[in-house]
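Novice: Provided herewith is a single structure, encoded as structure tokens, for subsequent inquiry.
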Amino acid sequence: MSAPITLAASVVVFKRELEQKQLSIEDVMRACADLGIPALEVRDEEGLGLPPADAPAAELARACERLRLLSSGIGVELIVASGASLGLEADCPRLLRAIDAAHSLGSPVVRVFLPKLATWHVGADFDHSVVQPLEPGLRAADAAGVLLCVENTSSPEGSVSRIMGFVDQVESQLGLSIGMTLDTGNCLMNEQDGDPRQAAKLAGRRVRYVHLKDVRCDMDSNLKDCAPGFGSIDFRSFFGELNAGCFQGYACFEFDGAGEGLVWLGNALSKEVYHADNHGCGA
């Protein structure tokens, strides 16, 4: 990556168009390149770049080869986001496939989640019995040169402070690297988190990947995600905090484009929610 903060866009922004075959992955890559966004996040879900977890290994290999050729020709880097949950035995094959895909595509990170299990509930300790079963997956990622980044969610179990504690315990007990995916919208929708800027300050060096989405209230007063710059989050101060903390990595637009992903991505960029002044460290 040529700059401390590198913009990316997730296929989620274009999910409706991809599902309805209005756009292809190649179209999305070219759209990102045209907008000056140098990286695309793909997912292990049907129609979102990588085949689903239950697809044959040969299908995954073919998909990765095609993505490599496209990204090389268009000049867009690739990032892998998986729906796999760490420590969930049923998700282990999905996790390992995502790691393999990331290694094949040159993705330095894989977005993952914490499982929703009773042993992981709020207040439970991340003791040896919880952390130890994660070692094979973490070692596989380490061997592949890939960093697993656990995303905060809108549920109490997925709060930023909870993810921080998990990251610290894994590194302390296993001596293996793991990071956090800081999702701005999920911060605001989690009563335990709130302001994404404060979350970024609190999490500090643990943040290794970022998801950018804003939050607004709909007509029924329900919180909905939207394009950055069109909700209630102050992204200038958020990026200022990332910059002050010397964050180096991808900041990925990840919001519901509602069938107009290209339009809303352009709108987000026009709002200058990410600004050149935020390049560098601790200015």
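Novice: What percent does the relative contact order of the chain come to when contacts are Cα pairs within less than 8 Å and at least six residues apart?
Specialist: With pairs under 8 Å counted, the relative contact order is 20 percent.
Novice: Let me ask something else. Less than 21 Å apart at the alpha-carbon level, and either on another chain or at least 8 residues along: which lysines does that give for LYS201?
Specialist: Filter leaves LYS213.
Novice: What FRET efficiency, computed as 1/(1 + (r/R0)^6) with R0 = 35 Å and r the Cβ-Cβ distance, is obtained for GLN173 and ASP54, rounded to the nearest 0.05?
Specialist: For GLN173 and ASP54, the calculated efficiency is 0.65.
Novice: Which peptide among 170-176, 83-89, 96-102 comes first, and what is the full order, when sorted by highest mean count of other Cβ atoms within 10 Å?
Specialist: 96-102, 83-89, 170-176
Novice: Which of GLU254, GLU135, GLU59 comes first, and how do the rest follow, when ranked by fewest Cβ neighbours within 10 Å?
Specialist: Lowest to highest Cβ neighbour count: GLU59, GLU135, GLU254.
Novice: Roughly how many debye, to the nearest 20, is the charge dipole of the chain about its Cα centre, given +1 on each Lys and Arg Cβ, -1 on each Asp and Glu Cβ, and no other charges?
Specialist: Dipole size: approximately 460 debye.
Novice: Could you line up HIS103, HIS211, HIS128 from fewest to most neighbouring Cβ atoms inside 10 Å?
Specialist: HIS128, HIS103, HIS211
Novice: At 7 Å along Cα-to-Cβ for each site, give me the label-to-label distance between ARG62 and ASN267 in nm.
Specialist: So the label points at ARG62 and ASN267 sit 3.8 nm apart.
Novice: Which translational diffusion coefficient, to the nearest whole µm²/s, is obtained for the chain from the Stokes-Einstein equation, given a Kirkwood hydrodynamic radius over C-alpha pairs, 25 °C and 0.890 mPa s?
Specialist: Taking Rh from Cα pairs, D becomes 129 µm²/s.
Novice: To continue, here is another question. Pull out the extension gain between ILE74 and GLN132, defined as 0.36 nm times the separation in residues minus the alpha carbon to alpha carbon distance; nm, one decimal.
Specialist: In short, 16.7 nm is gained.
Here, each number is a calculation from the coordinates, and none is a lab measurement. Since this is a predicted model, take the numbers as computed values, not measurements. Cβ coordinates were reconstructed from backbone atoms using ideal geometry, including for glycine residues, and neighbour counts include every protein chain displayed.
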